[in-house]
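The structure under discussion appears below in the form of structure tokens.
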Amino acid sequence: MWATSCEKMLEVDPRQSIDASTALTSPEAITAATNGVYAKLREVSLYGRDLIAIPELLADNAINTGAGNRLIRESNNEIGAHITNWQQSYYGINQINLILDALENIELEANFKNNIKGQNLFLRALLYHNLLRVYAYDPTAIVSASDRGGVPIVLKGVLEVDQIAFASRNTIQEGYKQVYQDLTEASTLIAESNNSKAPAFASRGAVAALFSRVALYNGDYEKAVAEADKAMASGVATFPANAQLISSWRSEKHPESFFEIAFTTADNLGSNESLRATFMTRTTVTSNATASFGNVVVSDDLYAKYSANDTRRGLIMKGLGANASRNEMTKFASKNGVANLDNVPVIRYAEVLLNKAEALANLGKDSDARTALNRIRTRANLAEVSLSGTALMDEIILQRRLELAFEGHRFFDIKRRGKDIIKDAGNVMFNDFRILGRLPIREIEINPNLIQNPGY
């Protein structure tokens, strides 16, 4: 695996990493290598753009205007047009595995060692869960005839091409078992002092927040509730009141973030591939000059779901130029004070609260589910509801859609619930093979043990 790009995997970027083959022998080197893994998450194919923008396009939240000829095929759900996080994710996983191997082979102070190990286990869990979300069915909704398993679970780092094992795909269940194991261990190893480094670095609160998501996808609803409560009690993130709902998206660090990807000036993706440029024609919410294509805009269907008094509707505004009549999402509006530069929340308080609400509803605990749901509604300036049963679940899913819009959730929320995608560009039924991503063709060609998803 990864033989096609092993050399790239081992390239050294002095600003953010150190070559593991020669330098993972000191605390400084191991810290730098770990920072390199965090930096890997900024890639365009990961949280730089694709894990946030493409799930909105594959589903019904966004439409593509056609400007700039970017992500048009994804918007039309064309064959092979999907999220392609395979290569960069496995680069990151290999770096993590090398770090974990090194931790066992050199003398290090125990607290430092545990903290670094915990952070890397958290990052590996995040990368593997994202791979499972893209290339495999979720445990809660599987088309048995099309199930080819999960993704290869590789736990040993490699430094040379001849060390690469041609791994087969583990089962979905084995994949989730590994993610659970990594998160469980990470929760005991990450230092409490890491709270002061949150949300840019892993913390115990971030581990619990991610665990609430993973458990929800796994249909493990008691665990999802327990981890959500643990995350919200961690103090890592807050849930600002209605008056701060909009301004929270204008601050460099989102106060709700349990974990977010930090972008510095050197990481600026520019006016072609940044989230700001993808979602907006303006450079900032106050600028009046057209600065980019802003080709991924809010669908009419999504916009109509926001009531007139919903505060979150204030995050949407008309674009400029060709987008003057289109609705643009401004969650990523150069909020770091530099054009096209935005930290990217990976998991925030509102999602954790909605994870809890959905899990409780699945457990038949409607009263507690309503309590969690109504925190989301009242914060958005909506009245409390007294729903139960199917109506309650429908409202929870609607609030997930409205609250987490343009944050990379919509496609995955539809997929894990086994629902069809209904959109103007063409419906995609849940049993359609396009629901799953295509494994890289080159990987299939060089690895005889790797089975492609159906239809490709």
Taking into account only those residues within region 167-194 that are polar (S, T, N, Q), in contact with a helix residue (DSSP H, G or I) (Cβ under 9 Å, 6 or more places away or on another chain) and assigned to a helix (DSSP H, G or I), which is farthest from Gln452 (Cα to Cα)?
Ser193
Subset of region 76-97, residues in a loop (DSSP other than H, G, I, E, B) and among the β-branched types (Val, Ile, Thr), comes to Ile79, Ile83, Thr84
Within region 420-433, take every residue that is aliphatic (A, V, I, L, M), part of a loop (DSSP other than H, G, I, E, B) and out of contact with any Ser or Thr (no Cβ under 9 Å at 6 or more places or on another chain) and give me the one that is least open to solvent (accessible area, probe 1.4 Å).
Met429
All-but-one check, Glu174 against (1) modelled with pLDDT of 95 or more; (2) open to solvent by less than 10 Å² (accessible area, probe 1.4 Å); (3) not β-branched (Val, Ile, Thr), failing number (2)
From the list Leu450, Leu436, pick out the single residue that is over 28 Å from Leu245 (Cα atoms), at pLDDT 95 or above, in contact with a Ser or Thr (Cβ under 7 Å, 6 or more places away or on another chain) and surrounded by 14 or more Cβ atoms within 10 Å (Cβ to Cβ).
Leu450
Counting just the residues of region 133-168 that are open to solvent by less than 20 Å² (accessible area, probe 1.4 Å) and in contact with an Asp or Glu (Cβ under 7 Å, 6 or more places away or on another chain), which one comes out farthest from Gly408 (Cα to Cα)?
Gly157
Flagged pairs (Cβ under 9 angstrom, 6 or more apart or on separate chains; first in region 416-441, over 14 Å from Leu57 (Cβ atoms); second of a type in the set (Gly, Ala, Ser) and surrounded by fewer than 14 Cβ atoms within 10 Å (Cβ to Cβ)) are Asn431/Ala145; Asp432/Gly455; Phe433/Gly455; Leu436/Gly455; Arg438/Gly80; Arg438/Gly455; Ile441/Gly80
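A quick yes/no check of all residues on (1) within 20 Å of Gly337 (Cβ to Cβ); (2) in a loop (DSSP other than H, G, I, E, B); (3) of a type outside the set (Phe, Trp, Tyr); (4) open to solvent by 30 Å² or more (accessible area, probe 1.4 Å):
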residue	(1), (2), (3), (4)
Glu227	no, no, yes, no
Lys230	no, no, yes, yes
Ser234	no, yes, yes, yes
Ala237	no, yes, yes, no
Gln244	yes, no, yes, yes
Ser247	yes, no, yes, yes
Arg250	yes, yes, yes, yes
Lys253	yes, yes, yes, yes
Phe259	no, no, no, no
Where the second residue is open to solvent by 10 Å² or more (accessible area, probe 1.4 Å) and the first is among the polar types (S, T, N, Q) and lies in region 171-192, which pairs have Cβ atoms under 8 Å and are six or more apart or on separate chains?
Thr171/Gly149; Gln173/Pro139; Gln178/Ile153; Gln178/Leu155; Gln178/Asn170; Ser187/Arg204
Would you check if there is a residue in region 190-203 being modelled with pLDDT under 95 and either on the phi > 0 side of the Ramachandran plot or of a type in the set (Asp, Glu) (or both)?
yes
Restricting to region 43-75, what's the tally of residues that are part of a loop (DSSP other than H, G, I, E, B), of a type outside the set (Lys, Arg) and buried (at least 24 other Cβ atoms within 10 Å of the Cβ)?
2
From the list Thr290, Thr281, exactly one residue is open to solvent by 10 Å² or more (accessible area, probe 1.4 Å), hydroxyl-bearing (Ser, Thr, Tyr) and in a loop (DSSP other than H, G, I, E, B). Which is it?
Thr290
Being in a helix (DSSP H, G or I), of a type outside the set (D, E, K, R) and more than 14 Å from the chain's Cα centre (by Cα) is the filter here, so list the residues in region 394-419 that pass it.
Ile396, Ile397, Leu398, Gln399, Leu402, Ile414
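The values are calculated or read from the model by the stated rules, or taken from the named source; none is laboratory data. Just so we're clear, the structure is a prediction, and the values are computed from it rather than from any experiment. Reconstructed Cβ throughout: ideal geometry from the backbone, glycine too, with neighbour counts over all protein chains shown. Surface areas here come from the heavy atoms of the whole protein model, side chains and all, with no ligands, DNA or RNA. Shrake-Rupley method; radii C 1.70, N 1.55, O 1.52, S 1.80 Å.
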